[in-house]
Structures are given as structure tokens and as C-alpha cells.
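Here is the structure we will look at.
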Amino acid sequence: MDTAGIIPDVIDAKPGAIAMVVYPANVEVELGKELTPTQVKDKPEVSWETDEGALYTLLMVDPDAPSRQDPTYREALHWLVINIPGKGISKGQTVAEYIGSGPPDGSGLHRYVFLVFKQEKNISTDEFISKTSLEGRLNVKTRDYITKYKLGNPVAGNYYEAKYDEFVPTLMAQFK
């Protein structure tokens, strides 16, 4: 992740392990592999090594919005789930519903970063961002979440890269 500039663009320390990320149709995320917005349009399965009884936070961001050369919206929030018991993402609290990759036409490759953090304690929030809303998704800072919720360094992470394809206008049409 450090060779891709995720350190220092998003986080300060390398995740302790690789998070396994698998999209429907068996599309697997491998560090830095290029995937298409069509391949990542649906919510993936994510897994990592867990500690018994621990709670986790899963965060997915694009630090290259609207482009890597001009990241004025760094970071765009694509998914946030807190209070995940072990690997049970569906049992956690979704703060931001999953949205796939939607890099603008001509903006080149974007990095899409998955980070998993072990929580010190339960996080309380009533914030919720639906998959049809951009509000609360732009200019998000992973470091702010780390500080606010005392998350420390990520225990797991992964990322892929994607550029515009024919699915992006369909994705963008869902926003109100």
C-alpha cells in the first residue's frame, strides 16, 4: 500500500494483514489489481483475522476524487460499517451504504481502499448515508475517523484500481 501512495494519502501505517475482498462472480481484489466499475458494482464479501469478542470498523474510500492529479474531494466515502462483531459485517451498523466505483470519464485510474480497524469499544452514532446520496461522502478523511473513534492503525486492508467504464453513468444516475 505504501508503493501506491495510500500511505501517506489515506493512512500513516501499513495494515497488519490483507483483507480478503471478493465480489459476486468470484472477482477477487488483489493489491493494486485493476478492476472495472461493472465488476465492483455490487457489495463484496470482506473477511480478515478477528479476535474473539472484538468489534471492528470497515471503511472503503477513494482518495482520488475527482482524479489522482487533482484530488480536491479526497476522500470519497464508498462504504462504512461500524460495530462489526468478528467478521459478521451484516451484523454491524451500516453508516454509509456500499456504492461501487464511479470514476469520471477521462480521470484515469482511481485507488479504492478497504481498511479494517479493531475498535476499543462500541461506537454510537445515528448517522446514515444511503446509497442514493452523495451528501456526507466527499472530503471524508480516514484520519478523522481514526482520531474520533480511537481506532489506531488498520488491522487489515486491501485496494484495487479502476477507471471509467460504461457502468459509471448508471451508478451516477442513482444519486438524488
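A few points about this structure:
- Helical mean residue ellipticity (222 nm; -39500 (n - 2.57) per DSSP H run of 4+; nearest 500) of the chain: -2000 deg cm²/dmol
- Remark: the Cα gyration tensor places the stretch 112-170 in the oblate category, a/c being 1.5 or greater and a/b not exceeding b/c.
- Charge tally around I11: other residues with Cβ under 11 Å, Lys/Arg +1 each, Asp/Glu -1 each, net -1.
- Residues of the stretch 131-176: accessible area per residue with a 1.4 Å probe, Å²: 57 Å²
- In this label model, D126 and E45 are separated by 3.6 nm, measuring between points 7 Å along each Cα→Cβ vector.
- Hz values of 3J(HN,Hα) by residue in the stretch 128-145 - Karplus curve (6.51, -1.76, 1.60), Gly and Pro given as x: 8, 10, 6, 5, 9, 10, 8, 4, x, 9, 9, 6, 7, 10, 4, 4, 5, 5
- Within the accessible area of the chain (1.4 Å probe), percent carbon and sulfur: 49 percent
- Here is the size of the stretch 43-136 from its Cα atoms: Rg then Dmax, 14.3, 45 Å.
- Nearest-20 debye value, the stretch 63-176 charge dipole, Cβ charges on Lys, Arg, Asp, Glu: 500 debye
- Residue with peak Gaussian network fluctuation, the chain [Cα springs, cutoff 10 Å], from Y73, Y98, Y112: Y73
- Normalised by 2.2 N^0.38 Å, where N counts its residues, the alpha-carbon radius of gyration of the stretch 67-119 equals 1.38.
- The alpha carbons of the chain give a radius of gyration and a Dmax of 14.9, 45 Å, in that order.
- Cα pair distances of the stretch 38-81 binned at 5 Å [whole percent]: 6, 16, 18, 20, 17, 12, 7, 4, 0
- Candidate cross-link partners of K141 among the aspartates and glutamates, defined by an alpha-carbon separation under 20 Å and a same-chain spacing of 8 or more, comprise D2, D9, D12, D62, D64, D70, E75, E97, E120, D126, E127, E161.
- Over the stretch 5-61: Kirkwood hydrodynamic radius from C-alpha pairwise inverse distances, Å: 13.3 Å
- Cross-link pairs beyond the 29 Å C-alpha cut-off, checked among K91/K163; K41/K87; K118/K176; K87/K176; K41/K150; K33/K148: K91/K163; K118/K176; K87/K176; K41/K150; K33/K148
- Given 16 as the ceiling on other Cβ atoms within 10 Å, longest exposed-site-free region of the chain for GluC sites (Glu not before Pro) in DSSP loops: 53-96
- Built amide H within the under 5 Å cut-off of L109, gap 5+: none
- When all protein chains stay in place and ligands, DNA and RNA are ignored, the 1.4 Å accessible-area order of F128, F114, largest first, is F128, F114.
The values are calculated or read from the model by the stated rules, or taken from the named source; none is laboratory data. This structure is a prediction, so every number in the text was calculated from the model and none was measured. Glycine gets a Cβ as well: all are built from the backbone with ideal geometry, and neighbour counts include every protein chain shown. Areas reflect the complete protein model, heavy atoms only, side chains present, ligands, DNA and RNA absent. Shrake-Rupley method; radii C 1.70, N 1.55, O 1.52, S 1.80 Å.
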